[in-house]
Amino acid sequence: MTVESSLVTPLLLEFPFEWTYLRSIVRVSLYVSLVAVALSTLCSLPIALAVGFTEFRGKTLLTSVINTGMGFPSVVVGLVVLFAVSNQGPLGSFDLVFTAEAMIVSQFVLATPVITGVSLAAVSSVERTVRDAAFAMGGTRVDVALVTIKEARYGIATAVLAGFGRAISEVGSVLIVGGNIVGPDGTSKTRTLTTAIQLEARQGRFETAMMLGAILVVLVLVVNAFVVRLGRGDGGYR
Amino acid sequence: MTLAARDVHHGYGDDPVFDGTSLSVSPGEVVAIIGPSGVGKSTLLRLLALFDRPDGGTVEYDGEDVWNASERRRLAYRRRIGMVFQETSLFDASVRRNAEYGLRVRKSWPDRLRDELRGFLGRTNGTVDAVEALETVGLAEKVDQDAASLSGGEAQRVAFARALAYDPEVLLLDEPTSDLDPRNTAVLEDAVLQAKNSGIGVAIATHDMHQAERVADRVAVLLGTGIIEIGETETVFDDPADDRTRKFIDGELVY
Ligand SMILES: Nc1ncnc2c1ncn2[C@@H]1O[C@H](COP(=O)(O)OP(=O)(O)OP(=O)(O)O)[C@@H](O)[C@H]1O
Ligand SMILES: [Mg+2]
């Protein structure tokens, strides 16, 4: 046992992991989920704004496609992404099989419909008159979009949190595309909290699985609290 | 500055709202637009505010056909017009943020980013023009209140102030006193006259005939699919050329 882990031991009675190992799992989980959610938000917001404010044929269809995507089976996404990054796939040249980056791709695919769908609902509920007011006071289209995002900020925060929740708590696709790998140095390469939990549980180590589960829950809580605070502070908007 | 709709045709779906109608607003005058509900007062103001492109005819600013100008020029024209909507719609932010909005979007992006950063650090520096505009409607002491917590009448006055704050050349007001008590109606009418005296051209849609008499230099009567009569306020009210005008003003008109 290292010096570091002995500091934690009194709290968790018998702490079953190397501290560095645990830290690497948390790091991979956060890295994959945060990057995927950030990229996904960058894509989702423009889509939500564009779909929310334009009338076109097939809008209802597109909206229901997005909403269906929210509940899309993650194992299927994992399979498709695994194929895409494999040698025969379109992303084959990037050599991404069993890497954290492949997991980012699959979590991006999973989170995007959630973030788009929930933001679309939030953005659509911003009164037309509010957008008109921004335009009337000399706003450009960019200004109107910014005002809309600010008006819908709570809904958008909810969307991002929902996307993050889906990304960090998901097992199926990260297992398929990542492979739950621990490197030769004993730190996680593509092992996340969820896949580690799955492994521990399968091997009958319920207590450790529960502990990892508790860490996962705390992580989600912390991120939620942070985002909610950010929304409250509303960036000097008041 | 002269803002004018010339021979505009406009409608929604198959129903024409305007079938070739014209109206101009010159500096330092107040034009009241009266007419029954649903006749197109708001529609006419939206056309003048360069919100909607008319199906036919032109909207001109200083003689230039705005919808044939570049988008850049149209934005520049739009920024010389202040518009207050019938349905008040303040941003979910402080009164100050609302009042400053027009000034803010006119700044360069680096300046705006710097201002946002200062706001984020809690150093709000109230723009003088915005606070002045709030003063003209008696709401200067509400700058730091949440817009969402204002009463309907206060919100309506903030909506007026934020259009005034960026010094427009034309003010388009759509029933700006519909939620106001008599005292605040008087405050707002004073502000309209003050704006007029400072050289701003004002068009005001109203259901209140007395208000039209009090503030307007000219009155345009909308009936059917266009303006049936336009002229000096006194003439329109005391000696209208069209019999339907008299009936409408007297409340006898059945439509
Ligand atoms: N976006 C729209 N889509 C379809 N019809 C519309 C739209 N906006 C206005 N109309 C119709 O155009 C006509 C004129 O509406 P407008 O709002 O200009 O009337 P108004 O004179 O301002 O009425 P009020 O005094 O009640 O405010 C109405 O018959 C209205 O139903
Ligand atoms: Mg109206």
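The values are calculated or read from the model by the stated rules, or taken from the named source; none is laboratory data. Note that the structure is a prediction, hence the values are computed from the model and not measured. All Cβ positions, even for glycine, are placed from backbone atoms using ideal geometry, and neighbour counts span all protein chains on display. Please note that ligands, DNA and RNA were not included when accessible areas were found on the heavy atoms of the full protein model with its side chains. Shrake-Rupley method; radii C 1.70, N 1.55, O 1.52, S 1.80 Å.
What the table below lists for this structure:
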{"item": "Per-pair calculated FRET efficiency, R0 = 35 Å: A:Ser64 and A:Tyr31 via Cβ, rounded to 0.05", "result": "0.60"}
{"item": "Estimated vicinal HN-Hα couplings, Hz - region B:139-148 in sequence order (Karplus 6.51, -1.76, 1.60; Gly, Pro = x)", "result": "10, 4, 6, 9, 3, 9, 7, 6, 4, 5"}
{"item": "Rule-of-thumb Rg ratio for region B:1-159 [Cα; 2.2 N^0.38 Å; N residues]", "result": "1.21"}
{"item": "Long-range amide H partners of B:Val17 with built H, under 5 Å", "result": "B:His10, B:Gly11, B:Tyr12"}
{"item": "Positive-end residue of A:Gly58, A:Ser169, A:Val35, charge dipole of region A:16-232 with Cβ unit charges", "result": "A:Gly58"}
{"item": "DSSP beta bridges in the protein assembly as shown [antiparallel fraction, %, rounded to 5]", "result": "60"}
{"item": "Aspartates and glutamates with Cα under 17 Å of B:Lys142, excluding same-chain neighbours fewer than 8 positions away", "result": "B:Asp92, B:Glu100, B:Asp129, B:Glu132, B:Glu154"}
{"item": "Near-label residues of region B:34-70 by backbone N, under 11 Å of a point 7 Å along Cα→Cβ of B:Asp7", "result": "B:57-58"}
{"item": "Net charge of Cβ neighbours under 12 Å - reference A:Thr148; Lys, Arg +1; Asp, Glu -1", "result": "0"}
{"item": "Amide H partners (placed H, <5 Å) of B:Ile33, local residues excluded", "result": "B:Ile204, B:Ala205, B:Thr206, B:Ala220"}
{"item": "Zone residues, region A:138-163, relative to A:Phe226, backbone N less than 13 Å from point 7 Å out along Cα-to-Cβ", "result": "A:161"}
{"item": "With DNA, RNA and ligands ignored, accessible area of B:Glu71 (1.4 Å probe; Å², nearest 10)", "result": "110"}
{"item": "Student exercise, region A:16-232 dipole from Lys, Arg, Asp, Glu Cβ charges, in Debye to nearest 20", "result": "300"}
{"item": "Sequence of A:Arg57, B:Arg79, B:Arg162, A:Arg23 from largest to smallest accessible area, 1.4 Å probe", "result": "A:Arg57, A:Arg23, B:Arg79, B:Arg162"}
{"item": "Whole-angstrom gap from region B:129-201 to region B:5-45, using each part's C-alpha centre", "result": "23"}
{"item": "A:Val76 paired with B:Trp67, simple spin-label distance in nm, labels 7 Å along Cα-to-beta-carbon", "result": "4.7"}
{"item": "Only Lys, Arg (+1) and Asp, Glu (-1) charged, at Cβ; the protein assembly as shown dipole about Cα centre in debye", "result": "2520"}
{"item": "Hydrodynamic radius (Kirkwood) for region A:16-232, which is based on Cα pairs only, to one decimal in Å", "result": "18.6"}
{"item": "With DNA, RNA and ligands ignored, accessible area of A:Thr54 (1.4 Å probe; Å², nearest 10)", "result": "70"}
{"item": "Beta bridges per DSSP with both ends in region B:111-234, % antiparallel, nearest 5", "result": "55"}
{"item": "Karplus-derived 3J(HN,Hα), 6.51/-1.76/1.60, for each residue of region B:203-213, Hz, glycine and proline x", "result": "10, 10, 8, 8, 9, 9, 4, 5, 4, 4, 5"}
{"item": "Tilt relative to chain A, helix A:141-151 - C-alpha long axis, 0 to 90 degrees, to 10", "result": "60"}
{"item": "Alpha-carbon Debye profile of region B:88-168, log10 I(q)/I(0) at 0.14, 0.22, 0.25 Å⁻¹", "result": "-0.42, -0.99, -1.22"}
{"item": "Cubic angstrom per residue, convex hull over Cα atoms of region A:85-195", "result": "136"}
{"item": "Area hidden from solvent between A and B (accessible, protein heavy atoms only, 1.4 Å, total, Å²)", "result": "2400"}
{"item": "Karplus-derived HN-Hα couplings along region B:41-52 (A = 6.51, B = -1.76, C = 1.60, θ = phi - 60°), whole Hz, x at Gly and Pro", "result": "4, 5, 4, 5, 5, 5, 5, 5, 7, 6, 7, 10"}
{"item": "Cα long-axis angle, helix B:95-105 against chain B (0 to 90 degrees, to the nearest 10)", "result": "80"}
{"item": "The protein assembly as shown, Cα convex hull volume normalised per residue, Å³", "result": "198"}
{"item": "Sequence of A:Thr60, B:Thr88 when ordered by accessible area, the most exposed leading, probe 1.4 angstrom", "result": "A:Thr60, B:Thr88"}
{"item": "Positive-end residue of A:Met103, A:Leu120, A:Gly69, charge dipole of region A:16-232 with Cβ unit charges", "result": "A:Leu120"}
{"item": "Å² per residue, accessible surface of region A:16-232 at 1.4 Å", "result": "48"}
{"item": "On Cα atoms only, tilt of B:109-120 relative to the major axis of chain B in degrees", "result": "60"}
{"item": "For region B:79-112 and region A:182-234, distance of Cα centres in Å", "result": "44"}
{"item": "For B:Tyr166, solvent-accessible area (1.4 Å; no DNA, RNA or ligand), Å²", "result": "20"}
